[in-house]
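Q: What follows is a structure written as structure tokens; I'll ask about it next.
The values are calculated or read from the model by the stated rules, or taken from the named source; none is laboratory data. Note that this is a predicted model, so its numbers are computed, not measured. We place every Cβ from the backbone using ideal geometry, glycine too, and count neighbours over all the protein chains shown. For the accessible areas, the whole protein counts, side chains as well, though only heavy atoms, and no ligand, DNA or RNA atoms are used. Shrake-Rupley method; radii C 1.70, N 1.55, O 1.52, S 1.80 Å.
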Amino acid sequence: MIVTSLHYSGHKDGAAMMKTTVSEEWLTYTWVRLRSGVEPHEVKRQLIQNGFDDQAIRSLMRDAYNGRRPISDVDHAALARAPLTLRAKSHPQLRRIPAPKAQLYVWPNFLAPETCDALIALTDERLRASTTTDAFADPKIRTSRSSDIGTMGHNLVMQLDELIAEALGIHWSYSDATQTQRYDVNQEYKAHYDYFTPGTRDYQVHCQFTGQRTWTFMIYLNDVEEGGGTRFRRLEKTIMPEKGKAVIWNNLNPDGSVNPYTIHHGMKVRSGAKYVITKWFRERGWGEMFPEDYSRIS
Ligand SMILES: O=C(O)CCC(=O)C(=O)O
Ligand SMILES: [Fe+2]
């Protein structure tokens, strides 16, 4: 903590020593936390604890100061028309998979091979067993390992977040912190939904601040020797891993209800290893959900 860069407006009696100006260090402190998925109200609490006055907290947190937008602001029809869906009509690589029951897209070569390699190296630095949010679920449902690369404050991941957010056309604050998954031989993620079933305790716990999951943006980081496809059994489509290829789908219907046709299975790797980035978008973030300058990117 670099205290010398801060200006204190101390009262003579010493009762309140409030920090009133912001520094690069505290901006980093604030935004690394917000990027990592720490809720705005918690970041605000930490800043208060560190002695900042309200004005300084406003300038540190900017759009996040007022917290996530209310659930009543969510426009599900607009989510179903996210800029990516329009871009797919003319983009040379991005295309919609012909499956009328769900919005499913593939984008080959979305990431450059060197970026994939750097993300794999970062993933391998800090692996943990993958979990599912349902404590009662079969422990064999997801046997891969995961890495919370979105909480490391790494520049590369922040750039990746921007790239994904711009590609989809939805601001990164409407997403969970970025994760990677590594599957070794015989590891898989059995058929599941990325959304939380409304009315369950799971939904209550995992959606209370951020709302439901909306779009999933997944990227394969390597070519898998054998196996490891992503199977959408109700759509009768299987996407095969290819280094840098993104698979993107909307877990919801245009009316906001969950779409069970999006059930998918990360199939067993038969030979080699498989790495994927998973980025789950959410109903609630701060600021504009569809920033205007994202829509201009072709
Ligand atoms: O690895 C895959 O192909 C699918 C991963 C997945 O569905 C997930 O992480 O939610
Ligand atoms: Fe999934």
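Q: Starting from the Cα gyration tensor of the chain, take the square roots of the eigenvalues, sort them a ≥ b ≥ c, and report rounded, prolate or oblate (rounded when a/c is under 1.5, otherwise prolate if a/b is larger than b/c, else oblate).
A: Note, shape of the chain comes out prolate.
Q: Separate question: So if I place +1 on the C-beta of Lys and Arg and -1 on the C-beta of Asp and Glu, and nothing else carries charge, what would the dipole magnitude of the range 32-108 be about its Cα centre? I want it in debye, nearest 20.
A: 520 debye
Q: How far is helix 113-125 tilted off the main Cα axis of the chain, in degrees rounded to 10, range 0 to 90?
A: Between the helix axis and the principal axis of the chain, the angle is about 70 degrees.
Q: Turning to a different aspect of this structure: Among the chymotrypsin sites (Phe, Trp or Tyr not before Pro) within the range 77-137, which fall in a DSSP loop and have no more than 13 other Cβ atoms within 10 Å of their own Cβ?
A: Those satisfying the criteria are PHE136.
Q: Could I ask something else about it? Rolling a 1.4 angstrom probe over the protein heavy atoms, how many square angstrom per residue are accessible across the range 67-188?
A: Roughly 47 Å² per residue, with all protein chains present.
Q: Using a 1.4 Å probe, what is the accessible area per residue for the range 15-66, in Å²?
A: 51 Å²
Q: Of all trypsin sites (Lys or Arg not before Pro) in the range 114-179, which ones are in loop regions per DSSP and have a Cβ with at most 16 other Cβ atoms within 10 Å?
A: ARG126
Q: Where does helix 24-35 land angle-wise versus the long Cα axis of the chain, in degrees 0 to 90, nearest 10?
A: 40 degrees
Q: Keeping all protein chains in position, work out how much accessible area HIS91 exposes to a 1.4 Å probe, and write it in Å² to the nearest 10.
A: Approximately 40 Å² for this residue.
Q: By how many degrees, between 0 and 90 and to the nearest 10, does the Cα long axis of helix 155-168 differ from the longest principal axis of the chain?
A: 60 degrees
Q: A follow-up question, please. Carbon and sulfur together cover what percent of the accessible area of the chain at a 1.4 Å probe radius?
A: Result for the chain: 50 percent of the exposed heavy-atom area is carbon or sulfur.
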